[in-house]
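The structure appears below as structure tokens.
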Amino acid sequence: MKRTKKLSYKTEFGRDNVIKRFLLKIFLGLSSLPRLLLEVFIRRSFGERYFSFSTSVILAILVGGVPYMYATVNPFYEHPSFLSYVWHHLSWYAFVLLFLYFAWRRWQEVKREPGIFDCAKYTLYTGNINRRFWELELFDVETTSRIISIYYEPAFFLIIGLVLALLGQNIGFLIIICSIIYSLGYAGAYYLGDQYIMDMLDQLIANEEMADSFIDDRGPENSRGYEQFFHKPANKEFRRRVAHMFYDDEHIPDVN
């Protein structure tokens, strides 16, 4: 395969949505905690740098404090007795306790894994997907990690959240919100991954078509859509000599 040098002139003329990519990266960072709130229940064996028990504890404290903060800032809230308050938010605090328990279990799994510097496991691994999701066959759609992450896992929590919300449990609304963010977060991650692969494929095509397109003055319709946006020397032999500067090796097509 031909290897291009790093040229100071960039020949690609793309329509890259820079703002979309920037906002996606911000959203992915913000979606980390809502996803963590659900992932510990259904995924196992996270990467060491992907999962943090201390972050889970802080998140549990924040979520546990939401009902109290709401009661503090809402002037129309009628402050019940302590027992009445706990009973009214029983499902909320039961969820927080369950989250801490499963987070502790995930932490124990991470601790048993090989060390970071053994190169035995990708440290940002998002965890093993529950095998039950792999067994789903819905709408004749092939079950892949992408489908599971964007649709099946969030849908599982969305249904739970809807049931709890219909039963008058406020924790249901939190689960619904987190399930939506969960889906959008993984959709954004896969979108950025697709863009990265397409950048690599475009570079591969550019590497393979650059010399022929330049030397033979071939248009994009004859070079898999690759197009060069600059004037070319009129002399074909001179174009062939210039084409040597595109590559690290000496393999340049012969001039007909």
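Going by the conditions given, is THR123 among the polar types (S, T, N, Q) and at pLDDT below 90? Yes, satisfied. Considering only residues in segment 94-119 that are open to solvent by less than 70 Å² (accessible area, probe 1.4 Å), assigned to a helix (DSSP H, G or I) and charged (D, E, K, R), the one that is modelled with the highest pLDDT turns out to be ARG106. Condition test on SER31, is it hydroxyl-bearing (Ser, Thr, Tyr) and exposed (fewer than 15 other Cβ atoms within 10 Å of the Cβ)? Criteria not met by SER31.
Quick grid of which residues meet (1) open to solvent by less than 60 Å² (accessible area, probe 1.4 Å); (2) more than 25 Å from SER45 (Cβ to Cβ):
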| site | (1), (2) |
| --- | --- |
| THR126 | yes, no |
| PHE133 | yes, no |
| GLU142 | no, no |
| ILE171 | yes, yes |
| SER179 | yes, no |
| ALA189 | yes, no |
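For (1) over 26 Å from GLU48 (Cβ atoms); (2) without any contact (Cβ under 8 Å) to a residue 24 or more places away in the chain; (3) part of a helix (DSSP H, G or I), each residue gets a yes or a no:
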residue: LYS121; (1), (2), (3): no, no, no
residue: LEU124; (1), (2), (3): no, no, no
residue: GLU137; (1), (2), (3): yes, yes, no
residue: LEU162; (1), (2), (3): yes, yes, yes
residue: PHE173; (1), (2), (3): yes, yes, yes
residue: ASP194; (1), (2), (3): yes, yes, yes
residue: MET198; (1), (2), (3): yes, yes, yes
residue: GLU209; (1), (2), (3): yes, yes, yes
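Show the residue pairs that are 6+ apart or on different chains and have beta-carbon atoms under 7 Å apart, the first residue being within segment 220-246 and assigned by the TED database to the domain that holds ILE205, the second being modelled with pLDDT of 70 or more and among the aromatic types (Phe, Trp, Tyr). What qualifies is PRO220/TYR226.
Listed here are the residues, each with its yes/no results for (1) at pLDDT 75 or above; (2) of a type outside the set (S, T, N, Q); (3) touching a strand residue (DSSP E or B) at 6+ places or on another chain (Cβ under 9 Å).
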| position | (1), (2), (3) |
| --- | --- |
| ILE58 | yes, yes, no |
| ASN74 | no, no, no |
| TYR85 | no, yes, no |
| TRP92 | yes, yes, no |
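Just one of the listed residues (PHE41, PHE13) is in a helix (DSSP H, G or I) and either open to solvent by 70 Å² or more (accessible area, probe 1.4 Å) or at pLDDT 55 or above (or both), namely PHE41. Number of residues in segment 133-167 that are at pLDDT 95 or above and among the acidic types (Asp, Glu): the value is 1.
The values are calculated or read from the model by the stated rules, or taken from the named source; none is laboratory data. Predicted model, so just to flag it, every value in this text is computed and none were measured. We place every Cβ from the backbone using ideal geometry, glycine too, and count neighbours over all the protein chains shown. Remember, those area values only see protein heavy atoms, side chains included, never the ligands or the DNA or RNA. Shrake-Rupley method; radii C 1.70, N 1.55, O 1.52, S 1.80 Å.
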